[in-house]
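Here the structure is laid out as structure tokens; the discussion comes afterwards.
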Amino acid sequence: MSFQKRKIVKKSEYTLRSKKIFTDLQSAQVYHFSEEKKHNTFFRKFSWKKVFLIFLFFFICIGGYGLYKYVIKYKHIVVKKTIEVATNVLGEDLKKSDDNLTNILLLGSGGENHEGGYLTDSIIVMTLNHNLKTVSLLSIPRDLYVRYTIEGRKRKGKINRVFLDAMNYWKYVKRKTDKKEMIALSVPIIEKKISEI
């Protein structure tokens, strides 16, 4: 590049458009430099992407605020219905602690015909506060490694296996066939382990 060309490129206030190399100065001036001076980079080019992102930001803000207001407004109704369902299913005489709390253990498993069998992959402790009329849920991770005992036999493994091992003990060791009885005997074993956590 000659001295004259370098000088023009250096002093120019215009935006570089292309990296194409030209042999004459006239072609370089036409192709390399725009006729408009530099502007703010945000407003230089209209972009649907920017408009969409701004719209999405405001939509998330307004939606989040609306959801927050909805939860605050209907929270007491949801809690009241939850307590009603719990008392209807479990009876009016729920055991209460000195603090007027009731803990309910919720276990979820696929069942006998499912691939996972009686592995309790969902373990949730629901606490009803009768004074404050609130419901709290605590989820126990299924992969939590624990030591447990089934009828004097010490074992260790993931917490989701406790119920399965108890069911297998009653089925294969004690030769019980009634599922309701096996479940009734297995639940206290996992209840005891969760109360120790």
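The values are calculated or read from the model by the stated rules, or taken from the named source; none is laboratory data. Keep in mind the model is a prediction, meaning the values are calculated, not measured. Glycine gets a Cβ as well: all are built from the backbone with ideal geometry, and neighbour counts include every protein chain shown. What goes into the accessible areas is simple: the full protein's heavy atoms, side chains included, and nothing from ligands, DNA or RNA. Shrake-Rupley method; radii C 1.70, N 1.55, O 1.52, S 1.80 Å.
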Task: Complete set of residues in region 131-143 that are in contact (Cβ under 8 Å) with a residue 40 or more places away in the chain and within 18 Å of LEU94 (Cβ to Cβ) - done: LYS133, THR134, VAL135
Task: Among (1) of a type in the set (A, V, I, L, M, F, W, C); (2) free of Cβ contacts under 8 Å to residues at least 40 places away in the same chain; (3) within 16 Å of GLY111 (Cα to Cα), the one test that LEU164 misses - done: (2)
Open item on the list: Given the criterion within 30 Å of VAL78 (Cβ to Cβ) and either open to solvent by less than 80 Å² (accessible area, probe 1.4 Å) or part of a helix (DSSP H, G or I) (or both), identify the matching residue among ASN168, ASN131, ASN160.
Closed with: ASN160
Open item on the list: Against the definition (assigned to a loop (DSSP other than H, G, I, E, B) and β-branched (Val, Ile, Thr)), how does THR120 come out, yes or no?
Closed with: yes
Open item on the list: For a quick check of your reading of the model, give me the residue pairs whose first member lies in region 83-97 and is assigned to a loop (DSSP other than H, G, I, E, B), whose second is open to solvent by less than 100 Å² (accessible area, probe 1.4 Å), with beta-carbon atoms closer than 8 Å and at least 6 apart or on different chains.
Closed with: LEU94/ALA86; LEU94/THR87; LEU94/THR102; LEU94/LEU128; LYS95/THR102; LYS96/THR102; LYS96/HIS130
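If we keep just the residues of region 139-153 that are part of a loop (DSSP other than H, G, I, E, B) and touching a helix residue (DSSP H, G or I) at 6+ places or on another chain (Cβ under 7 Å), which is farthest from TYR172 (Cα to Cα)? Lay out the reasoning, then the answer.
Looking only at region 139-153, we keep the residues that are part of a loop (DSSP other than H, G, I, E, B), and these are 140-144, 151-152.
Pick out the ones that are also touching a helix residue (DSSP H, G or I) at 6+ places or on another chain (Cβ under 7 Å) and you get 140, 142, 144, 151.
Details: ILE140: 28, ARG142: 24, LEU144: 26, GLU151: 14 Å.
For region 139-153, the residue satisfying everything is ILE140.
Looking only at residues that are basic (Lys, Arg) and out of contact with any Phe, Trp or Tyr (no Cβ under 8 Å at 6 or more places or on another chain) in region 134-153, which one is most open to solvent (accessible area, probe 1.4 Å)? If you could, list the steps in order and put the result at the bottom.
Step one: of region 134-153, the residues basic (Lys, Arg) are 142, 147, 153.
Checking the rest, the ones that are also out of contact with any Phe, Trp or Tyr (no Cβ under 8 Å at 6 or more places or on another chain) come to 142, 147.
Numbers: ARG142: 114, ARG147: 164 Å².
Step by step, filter region 134-153, then rank; the result is ARG147.
Of everything in region 53-88, what is more than 14 Å from VAL135 (Cβ to Cβ) and of a type in the set (A, V, I, L, M)? Give them in sequence order. Steps first, answer last, please.
Applying the first criterion (more than 14 Å from VAL135 (Cβ to Cβ)) to region 53-88 yields 53-70, 72-73, 88.
Of everything in region 53-88, those that are more than 14 Å from VAL135 (Cβ to Cβ) and of a type in the set (A, V, I, L, M) turn out to be LEU53, ILE54, LEU56, ILE60, ILE62, LEU67, ILE72.
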- [ ] Consider LYS81 carefully, then state whether it is open to solvent by 60 Å² or more (accessible area, probe 1.4 Å) and either touching a strand residue (DSSP E or B) at 6+ places or on another chain (Cβ under 9 Å) or farther than 20 Å from LEU137 by Cα (or both).
- [x] no
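Each row is one residue, and each column tells you yes or no for (1) farther than 28 Å from LYS75 by Cα; (2) assigned to a loop (DSSP other than H, G, I, E, B).
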{"site": "ASP99", "(1), (2)": "no, yes"}
{"site": "ASN103", "(1), (2)": "no, no"}
{"site": "GLU115", "(1), (2)": "yes, yes"}
{"site": "LEU137", "(1), (2)": "no, no"}
{"site": "ARG155", "(1), (2)": "yes, no"}
{"site": "TYR172", "(1), (2)": "yes, no"}
{"site": "LEU185", "(1), (2)": "yes, no"}
- [ ] Give just the number: which of (1) under 18 Å from LYS95 (Cβ atoms); (2) under 26 Å from the mean Cα position of the chain (by Cα) does VAL146 not satisfy?
- [x] (1)
